[in-house]
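The values are calculated or read from the model by the stated rules, or taken from the named source; none is laboratory data. What you see is a predicted model; the values in this text were computed from it and never measured. All Cβ positions, glycine included, derive from the backbone under ideal geometry; neighbour counts span all protein chains shown.
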Amino acid sequence: MNQNVIDLIIFFIKKMQVGVHLKDISREKISGYNESEISAAYSWLLQKYEKGRFQPDLISSRTLPAPRILHPAEKSRISKEAYGYMVELYYLNVITASQMERMIEHLLFEHDEVVDPSDIKNRLADLLFKEEYPATENRTQNLKGTESIN
């Protein structure tokens, strides 16, 4: 399901990039997805927009620094297609440069084989939906110094 939501997010952003409003996207174009996937993708975009982290009118005109170049050791472990997909996500404003860096690090440590775009989608789902909403993960608590631990 998460990969479908990722596909929908990217589809919606690409449509907005060429000036199409979300309300103008016909149901037939997204007929392969169920209501919960469509709702999740739309909600993610809306939340990003409300937080000021996503500006659809600036997607095509904004200038970003070029993403970092992979080290030769990283190039041997991340396929060109996978890296291209990450760069696309970066320029579509789905991920930031620091999220891209974290994704590269995690992928290199998690996979023994060459990383392909499906691995990127799996990691991206974790990055967007788990790290974005920390309450869904088991996090440690910072103490103020006056508490005692039993």
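Observations on the model:
- Filtered residue count, the stretch 1-44, keeping only those that are within 15 Å of Lys121 (Cβ to Cβ), at pLDDT below 85 and among the polar types (S, T, N, Q): 2
- Cross-chain or 6+ apart pairs with Cβ under 7 Å, the stretch 89-117 first and more than 24 Å from Gln17 (Cα to Cα), then among the small types (Gly, Ala, Ser) and at pLDDT 90 or above: Val114/Ser79; Val115/Ser79; Val115/Ala82; Asp116/Ser79; Asp116/Ala82
- Considering the stretch 102-135, and only residues there that are acidic (Asp, Glu) and surrounded by 14 or more Cβ atoms within 10 Å (Cβ to Cβ), the residue that is modelled with the lowest pLDDT turns out to be Asp126.
- Qualifying residue in the stretch 81-89 (condition: modelled with pLDDT of 90 or more and in contact with a strand residue (DSSP E or B) (Cβ under 6 Å, 6 or more places away or on another chain)): yes
- Residue match in the stretch 59-76 (condition: closer than 20 Å to Asn2 by Cα, at pLDDT below 85 and basic (Lys, Arg)): no
- Qualifying residue in the stretch 136-146 (condition: modelled with pLDDT under 90, surrounded by 11 or more Cβ atoms within 10 Å (Cβ to Cβ), at negative phi and in a helix (DSSP H, G or I)): no
- With respect to (1) under 19 Å from Ile69 (Cβ atoms); (2) surrounded by 15 or more Cβ atoms within 10 Å (Cβ to Cβ), the lone exception for Ser98 is condition (2).
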